[in-house]
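The values are calculated or read from the model by the stated rules, or taken from the named source; none is laboratory data. Because the structure is predicted, anything quoted here is derived from the model rather than measured. As a convention, Cβ positions derive from the backbone with ideal geometry for all residues, glycine included, and neighbour counts pool all protein chains shown. Only protein heavy atoms, including side chains, enter the accessible area calculation; ligands, DNA and RNA are left aside. Shrake-Rupley method; radii C 1.70, N 1.55, O 1.52, S 1.80 Å.
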Amino acid sequence: MKMAICVDREQCIGCESCVAVCPVGALSMVDGKANIDQDTCISCGACIGECPVEAIVREEVVREVKNKEGQDLWVNVELEDGEPVGVVYELLGVSAELAAKSGQRCCAVLICKDAGTLPQKLFAAGADVVYVVAGPEYAEYNTDLYTNAFCELVEAYKPNAVLCGATVDGRDLAPRIAARLGTGLCADCTALDINGELVEWTRPALGGNILATIICDEHRPQMGTVRPKVFKAKPADASKTGEVINYTVKNAVASKVEMVRKDALGVSGAIKIEEAEIICSGGRGLGNCDNFKMLEELAALFEHGSVGGSRAVVDEGWVDHAHQVGQSGKTVTPKIYFAFGISGAIQHLAGMSASDVVIAVNKDANAPIFKVAQYGIVGDAREILPKLIAKIKAVKEA
């Protein structure tokens, strides 16, 4: 049931008191009577109590549903060097759970040059069905070609919901698909649930100060992007099988973009921060860029170590944005997360609080980072960091 705030124009006396209290400017006077812009109104109800003649009321309204038909949960399979990226396995795991809960199927959409053995890997990760669109033109991600192929699949098989990883490519592809299909998109989700056929998308809102749960009940497919490392991938079940549906695009389009050159981001062989088991992260408390280099020395002492940073040091240029941890950076779940000189703003905690072990060093004993840390040292990170490096080196050399 949908409720909207409406004005009884016959009863309205044109006093304008409701206009003054509307927090979003949805009320105005038209021909001497109050009028509500339903596209602007947030249904807060402030005007209802202000009206002296009770001319403003909540009424049930019927909204037009353009494309309500849909079944199954789809996961977009993003590839890197011919293999699914980590978030694909994470999304297949959680989608399989939601599908089982709602009596639907978990499906993977694989757009690639050649499927090869990839469908079996997707079945093992939780997929019941794999839709395959293959061809040489899909060897590399292409906005125009991938959007066209995905939308044709949606029109042909009508999914209930579509999940994409909140990666660089995912954040490019998902909104294009949503716009083409005339549906909504909930971006950067950190939690998922399902009630009947409606997916409950949870994401940070108001600068990360609250978590909002959003339901897209008017259009299909429901769509959202989910941050990597929010969910843990389920153990692969090599015995699981499923159905492969090969699809040939009927209305091919010409691409407006061309791949000129493909360069690897970062140093060759370097471990991506979202894949690191040990993350040595620093904040403004380290003082300057030269002190920040000590984190690189510490991370190099571990086999799967990487350097991270707060938004403050990224803004200062001490570390590249690819290493930023937090709401506007990467979500990470390492085995150990070192936090040197990081106070622990809620936006940063949103990106690392799920780490197995957090070790924090900060001069402020009341810093929020200590609330999520298993081990904490109140002190100057610039003094403690070199001592820690020396101690670890001594242990490794012993």
TODO: State which residue pairs qualify: first residue closer than 20 Å to ILE392 by Cα and inside region 273-296, second residue open to solvent by 40 Å² or more (accessible area, probe 1.4 Å) and part of a helix (DSSP H, G or I) in any location, beta carbons under 7 Å apart, and separation of 6 or more residues or different chains.
DONE: LEU286/ARG382; ASN291/ARG382; MET294/PRO386
TODO: Would you check which residues across region 239-265 are surrounded by 10 or more Cβ atoms within 10 Å (Cβ to Cβ) and either part of a loop (DSSP other than H, G, I, E, B) or at pLDDT below 85 (or both) and list them?
DONE: LYS240, THR241, GLY242, TYR247, THR248, VAL249, ALA252, VAL253, SER255, MET259
Open item on the list: For region 216-238: of the residues being assigned to a loop (DSSP other than H, G, I, E, B), open to solvent by less than 50 Å² (accessible area, probe 1.4 Å) and not basic (Lys, Arg), which is modelled with the highest pLDDT?
Closed with: PRO221
Open item on the list: For region 76-98, give me each residue that is under 13 Å from ILE111 (Cα atoms) and open to solvent by 20 Å² or more (accessible area, probe 1.4 Å).
Closed with: GLU78, LEU79, GLU80, GLY82, GLU83
Open item on the list: What's the number of the only condition in (1) farther than 21 Å from ALA178 by Cβ; (2) open to solvent by less than 10 Å² (accessible area, probe 1.4 Å) that CYS107 fails to meet?
Closed with: (1)
Task: First in region 29-41 and surrounded by fewer than 14 Cβ atoms within 10 Å (Cβ to Cβ), second anywhere and assigned to a strand (DSSP E or B) and modelled with pLDDT under 90, Cβ under 8 Å, 6 or more apart - done: GLN38/ALA4
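Within region 367-394, take every residue that is assigned to a helix (DSSP H, G or I) and not hydrophobic (A, V, I, L, M, F, W, C) and give me the one that is most open to solvent (accessible area, probe 1.4 Å).
In the first step, residues of region 367-394 are kept if they are assigned to a helix (DSSP H, G or I); the result is 368-371, 381-394.
Those left that are additionally not hydrophobic (A, V, I, L, M, F, W, C): 368, 371, 382-383, 386-387, 391, 393.
On the way: PRO368: 52, LYS371: 173, ARG382: 95, GLU383: 115, PRO386: 54, LYS387: 146, LYS391: 136, LYS393: 72 Å².
My answer is LYS371.
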Open item on the list: Can you name every one of the strands (runs of 3 or more DSSP E) wholly within region 123-200 that holds 2 or more residues which are open to solvent by less than 20 Å² (accessible area, probe 1.4 Å) and touching a residue at least 24 places away in the same chain (Cβ under 8 Å)?
Closed with: 129-134, 161-165, 186-189
